[in-house]
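*Asks:* I have a structure I would like to understand better, so I am pasting it below and will then ask my questions one at a time.
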Amino acid sequence: MADETARQLDYELARLIARRIAFDEVSFPSRDVIKAWTEELEIPHHILFAVFATLERSQNKIPPPEKRPVTTIHNVENQENPIDVWPLMWSASWSEATCLLTVSFQYATHSLVEAVIYSLKPSSFIKLGAELKISGGDQTYQVVPFLGNHRRNDIYHWMVSPALPANWFELTWTLSPAEPVEFFPEPPRNRSIIAIDVPKRFHPRDLA
């Protein structure tokens with residue numbers, strides 16, 4: 001009996017989801033609204049937030065992985081070994097933290113830049129409120145955050161397309177203010193948003 005009731009509820013939930021996503025021009029509830037509902041209905045916040053976050057991503061009509069360009073933030077296509085690995089060791093500092101660019105993994109079509117965030121805030125999870133910009137030379141570089149294959153709180157990645165040139169040190173590397181990237185909903189925990197309010201130029205580590 002309990003199983004049958006659960007199946008009926010599951011079906012009703014699926015039916016309601018189908019009806020809701022049909023309204024593709026109507027925005028989903030804000031974080032504050034979701035928080036109020038979790039308190040009213042006594043539902044763990046991260047569960048209800050995950051449901052609406054997933055629905056919102058479906059509303060944005062994100063293409064399947066095989067149809068995404070190599071530089072989209074959700075693409076994890078680095079199956080092959082890199083052609084080369086370059087040490088960078090450039091850093092930018094502000095009142096809350098230092099961002100150190102450590103290495104660049106070089107692929108045929110793109111580069112994967114790894115950074116370490118040294119934060120002055122104790123946290124079990126860091127969200128970086130900044131975007132990396134690279135300019136100079138005869139190319140226009142698209143730089144997007146990249147999730148990577150691990151979730152250490154102090155490691156950050158950017159995917160750069162096209163691949164960086166050998167004279168990467170002659171380019172201008174800058175952190176600019178931006179909203180933190182949400183790769184997927186996170187349950188409540190001790191987290192810090194490490195943000196900047198003005199652009200920060202990267203310099204060789206010994207000059208930072």
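The values are calculated or read from the model by the stated rules, or taken from the named source; none is laboratory data. Being a predicted model, the structure only gives us computed values, none of them experimental. Here the Cβ is made from the backbone with ideal geometry for all residues, glycine too, and neighbour counts use every protein chain on show. For the accessible areas, the whole protein counts, side chains as well, though only heavy atoms, and no ligand, DNA or RNA atoms are used. Shrake-Rupley method; radii C 1.70, N 1.55, O 1.52, S 1.80 Å.
*Asks:* Ignoring ligands, DNA and RNA, what percent of the 1.4 Å accessible area of the range 1-59 is carbon and sulfur?
*Replies:* The computed percentage sits at 60.
*Asks:* Count neighbours as other Cβ atoms within 10 Å of each site's Cβ, and list the GluC sites (Glu not before Pro) in the range 1-49 that are DSSP loop with at most 15 such neighbours.
*Replies:* Those that pass, being in a loop and sparsely packed, are Glu25, Glu42.
*Asks:* Could you give the length gained by full extension between Arg20 and Ala36, i.e. 0.36 nm per residue of separation minus their alpha carbon distance, to one decimal place?
*Replies:* In short, 3.8 nm is gained.
*Asks:* Using a simple charge model, +1 on the beta-carbon of Lys and Arg, -1 on the beta-carbon of Asp and Glu, nothing else, what dipole does the range 84-185 show about its Cα centre, in debye to the nearest 20?
*Replies:* So the dipole magnitude of the range 84-185 works out to roughly 260 debye.
*Asks:* Hey, with R₀ at 35 Å, roughly what FRET efficiency would His46 and Gln142 work out to, going by the Cβ-Cβ distance, to 0.05?
*Replies:* Efficiency, from the Cβ-Cβ distance: 0.65.
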